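Participant: Structure in structure tokens, see below.
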Amino acid sequence: VARVSVTTKTVEELFARARGGVLVAGLISFLLAAILAALFSRSVSRPITDLRDVARSLAAGERKRHPALAAPGEVGDLADAVHRLAEQLEARLSALTAEQSILSALVETLNEGVMAISPSHEVVRINDTGRRLLSIHRPIPFGIDFLPRETTLRNAISLALSGTETEPEEVVIGETTL
């Protein structure tokens, strides 16, 4: 029979050192896990925040900003869809601008006065002939209150805004008969 023994104090010192080592190892593991989690969450959330910023820019009218297409997985698919959306928006706005310039050129070359009034009773378009005939020099848009106060003209505008067709009538504005 061989009997080996140590004092209780030695065993307690051994457990205290082991407990300290376990606490230090746990703290280091926790810090390393927190750092890796922060880096991973940043790599996942950065493409999403970039897409959010691009979408806000597109909504604000900044047409030249497109998302980076380097994101992985579903986020990359979303970035690709937003990129295509931005390209289509650019193409449609360019076509609309071209049509607008053609319409403006056509309206300006007419010998008749042409005026467009919005539902909120503002003149949003008037060609040079219309300005000359009505003696208007205000920049658009302006309220219909700035148009001549001729009753026949006011009635025609009211009927047109309500969607009713009007019959042609003569109106004298200043020294001009329209």
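The values are calculated or read from the model by the stated rules, or taken from the named source; none is laboratory data. What you see is a predicted model, and the numbers here were worked out from it, not measured in a lab. Virtual Cβ from ideal backbone geometry, glycine too; neighbours counted across all protein chains shown. Please note that ligands, DNA and RNA were not included when accessible areas were found on the heavy atoms of the full protein model with its side chains. Shrake-Rupley method; radii C 1.70, N 1.55, O 1.52, S 1.80 Å.
Participant: Being without any contact (Cβ under 8 Å) to a residue 24 or more places away in the chain, under 30 Å from residue 144 (Cβ atoms) and assigned to a helix (DSSP H, G or I): is that true of residue 108 here? Before you say what the answer is, go through the steps one by one.
Facilitator: Details: without any contact (Cβ under 8 Å) to a residue 24 or more places away in the chain: yes; under 30 Å from residue 144 (Cβ atoms): yes; assigned to a helix (DSSP H, G or I): yes.
For residue 108, the condition - without any contact (Cβ under 8 Å) to a residue 24 or more places away in the chain, under 30 Å from residue 144 (Cβ atoms) and assigned to a helix (DSSP H, G or I) - is met.
Participant: Considering only residues that are modelled with pLDDT under 80 and surrounded by 13 or more Cβ atoms within 10 Å (Cβ to Cβ), which ones fall in the range 48-67?
Facilitator: 63, 65, 66, 67
Participant: Could you list, in sequence order, the residues of the range 37-47 that are over 19 Å from residue 67 (Cα atoms) and open to solvent by 90 Å² or more (accessible area, probe 1.4 Å)?
Facilitator: 39, 40
Participant: Now a separate question. Would you please list the contacts, defined by Cβ atoms under 9 Å and residues six or more apart or on different chains, that run from a residue in the range 81-105 that is among the hydrophobic types (A, V, I, L, M, F, W, C) to a residue that is surrounded by fewer than 10 Cβ atoms within 10 Å (Cβ to Cβ)?
Facilitator: Close Cβ pairs satisfying both conditions: 86/64.
Participant: Assess whether residue 107 counts as being at pLDDT 85 or above and either closer than 30 Å to residue 162 by Cα or of a type in the set (S, T, N, Q) (or both).
Facilitator: Working: at pLDDT 85 or above: no; either closer than 30 Å to residue 162 by Cα or of a type in the set (S, T, N, Q) (or both): yes.
No, not satisfied.
Participant: I'd like to check something: does the range 113-120 contain any residue that is at pLDDT below 85, small (Gly, Ala, Ser) and loosely packed, with under 14 Cβ neighbours inside 10 Å?
Facilitator: no
Participant: For the range 122-178, give me the residue count where each residue is loosely packed, with under 11 Cβ neighbours inside 10 Å, among the hydroxyl-bearing types (Ser, Thr, Tyr) and farther than 16 Å from residue 112 by Cα.
Facilitator: 3
Participant: Sort out which residues of the range 49-101 are outside any loop (DSSP other than H, G, I, E, B), among the acidic types (Asp, Glu) and under 12 Å from the mean Cα position of the chain (by Cα), and write them in order of number. Quick ask: steps written out before the conclusion?
Facilitator: The first filter runs over the range 49-101 and keeps only residues outside any loop (DSSP other than H, G, I, E, B), leaving 49-59, 73-101.
Subsequent filtering for residues that are among the acidic types (Asp, Glu) retains 50, 53, 74, 77, 80, 87, 90, 99.
Result: 53, single match.
Participant: On to the next question. Taking the range 102-112 as the search range and keeping residues that are surrounded by 10 or more Cβ atoms within 10 Å (Cβ to Cβ) and polar (S, T, N, Q), which one is nearest to residue 133 (Cα to Cα)?
Facilitator: Ranking the qualifying residues of the range 102-112, first place goes to 109.
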